[in-house]
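Asker: Quick one: this structure, given as structure tokens, is what I'll be asking you about.
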Amino acid sequence: MQFYPDAIEELMLFLKQLPGVGKRGAERMVLAMLEWDKSDISALASAVQTVAETVTPCPECGNCAENHALCPICADLRRDNSTICVVENVPQLIAVERGGSYRGKYLVLGGKLSPLDGENGENLNIGLLLKQAAKPEVKEIILALSSDVEGRATTAYLTELLKDCPAHLSRPAQGLPAGANLSFADGATVAAAFSGRVKI
């Protein structure tokens, strides 16, 4: 049984496609919007339209940019051009940036290899990665991909592609997070921590 007019149901369907938004969440959002001034709803619609029309991939790294211009990171002359950090998507780039310790450039792949989902690499920014990796100033490429099966497969694939690249390849250390209690860690995390151990 349909409780709401078609317009509300349609908007709820769109909102449910957002990460972390279920049927109840979408319903609450739409009902809250109905209490807004019409001008606020128009402003929201305009903001969504502006994003669709103006946000484009950065031509240097694939990050979010405006109107085919460089993203703020690639446009920042203070960044270290000798290092490229390869990530799967923009949220991962933001996570690295929030860490505050990395000052190099990025390459957003746009996903990872996943044959079961039909992703065999054709839609990834691999050509852009190879172009950036060939620059003489690039000394290190950090493959900061997920540690799941697809992420490891993508890392192995990129390692093979970049084997003749003059820059050396690395990946972030994996294992126990800062401040973690060893007794609460799962086996895979402990194994990664021990395989990536360093001298003290």
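The values are calculated or read from the model by the stated rules, or taken from the named source; none is laboratory data. Note that the structure is a prediction, hence the values are computed from the model and not measured. Don't worry about glycine lacking a Cβ; one is built from the backbone with ideal geometry, like all the others, and counts go over all protein chains shown. The accessibility values were calculated without ligands, DNA or RNA, using every heavy atom of the protein model including side chains. Shrake-Rupley method; radii C 1.70, N 1.55, O 1.52, S 1.80 Å.
Asker: List the number of the failed condition for Leu107; all other conditions in (1) open to solvent by less than 30 Å² (accessible area, probe 1.4 Å); (2) over 13 Å from the mean Cα position of the chain (by Cα) hold.
Answerer: Of everything listed in (1) open to solvent by less than 30 Å² (accessible area, probe 1.4 Å); (2) over 13 Å from the mean Cα position of the chain (by Cα), Leu107 misses just condition (2).
Asker: Consider Cys74 carefully, then state whether it is over 15 Å from Leu143 (Cα atoms) and under 18 Å from the mean Cα position of the chain (by Cα). Can you show your working first?
Answerer: Details: over 15 Å from Leu143 (Cα atoms): yes; under 18 Å from the mean Cα position of the chain (by Cα): yes.
Against the criterion (over 15 Å from Leu143 (Cα atoms) and under 18 Å from the mean Cα position of the chain (by Cα)), Cys74 qualifies.
Asker: Right, here's the next one. Quick check: anything in the range 40-56 modelled with pLDDT of 95 or more, of a type outside the set (A, V, I, L, M) and under 30 Å from Pro172 (Cα atoms)?
Answerer: yes
Asker: Could you check the range 121-146 and list, in sequence order, the residues that are open to solvent by 60 Å² or more (accessible area, probe 1.4 Å) and under 18 Å from the mean Cα position of the chain (by Cα)? Walk me through how you get there before you give the answer.
Answerer: To start, the set of residues in the range 121-146 that are open to solvent by 60 Å² or more (accessible area, probe 1.4 Å) comprises 122-123, 130-131, 134-137, 139.
Within the range 121-146, Glu122, Asn123 qualify.
Asker: Exactly one condition in (1) part of a loop (DSSP other than H, G, I, E, B); (2) open to solvent by less than 80 Å² (accessible area, probe 1.4 Å) is not met by Thr50; state its number.
Answerer: So the condition that Thr50 fails would be (1).
Asker: Kindly indicate the residue of the range 87-104 that is touching a residue at least 24 places away in the same chain (Cβ under 8 Å) and open to solvent by 50 Å² or more (accessible area, probe 1.4 Å) and also farthest from Cys165 (Cα to Cα) among those meeting that condition.
Answerer: Glu97
Asker: How many of the residues in the range 53-69 are in a strand (DSSP E or B) and not β-branched (Val, Ile, Thr)?
Answerer: As a first pass, look at the range 53-69 and keep what is in a strand (DSSP E or B): 55-57, 64-66.
Checking which are not β-branched (Val, Ile, Thr) leaves us with 57, 64-66.
So the count comes out to 4.
Asker: Among Ala95, Ala75, which is under 30 Å from Ala47 (Cβ atoms) and at pLDDT 95 or above? Give the derivation first.
Answerer: On the way: Ala95 fails: at pLDDT 95 or above.
Going through Ala95, Ala75 in turn, just one is under 30 Å from Ala47 (Cβ atoms) and at pLDDT 95 or above: Ala75.
Asker: Tell me which residues, restricted to the range 70-88, are over 27 Å from Gly151 (Cα atoms) and either among the acidic types (Asp, Glu) or part of a strand (DSSP E or B) (or both).
Answerer: Across the range 70-88, the qualifying residue is only Asp76.
Asker: Kindly provide the set of residues from the range 24-45 that are surrounded by 12 or more Cβ atoms within 10 Å (Cβ to Cβ) and in a loop (DSSP other than H, G, I, E, B), ordered by number.
Answerer: Trp36
Asker: A further question on this structure: Give the range 59-86 a look and list any residue that's touching a residue at least 24 places away in the same chain (Cβ under 8 Å) and crowded, with 21+ Cβ neighbours inside 10 Å, or say none.
Answerer: Selection gives Cys61, Gly62, Asn63, Ile84, Cys85, Val86.
Asker: A follow-up question, please. What number of residues within the range 147-183 are in contact with a strand residue (DSSP E or B) (Cβ under 9 Å, 6 or more places away or on another chain), open to solvent by 80 Å² or more (accessible area, probe 1.4 Å) and in a loop (DSSP other than H, G, I, E, B)?
Answerer: The number of residues fulfilling the criteria is 2.
Asker: Could you tell me which of the residues Ala134, Ala156 is of a type in the set (A, V, I, L, M, F, W, C) and closer than 25 Å to Phe194 by Cβ? Before you say what the answer is, go through the steps one by one.
Answerer: On the way: Ala134 fails: closer than 25 Å to Phe194 by Cβ.
Testing whether each residue is of a type in the set (A, V, I, L, M, F, W, C) and closer than 25 Å to Phe194 by Cβ leaves just Ala156.
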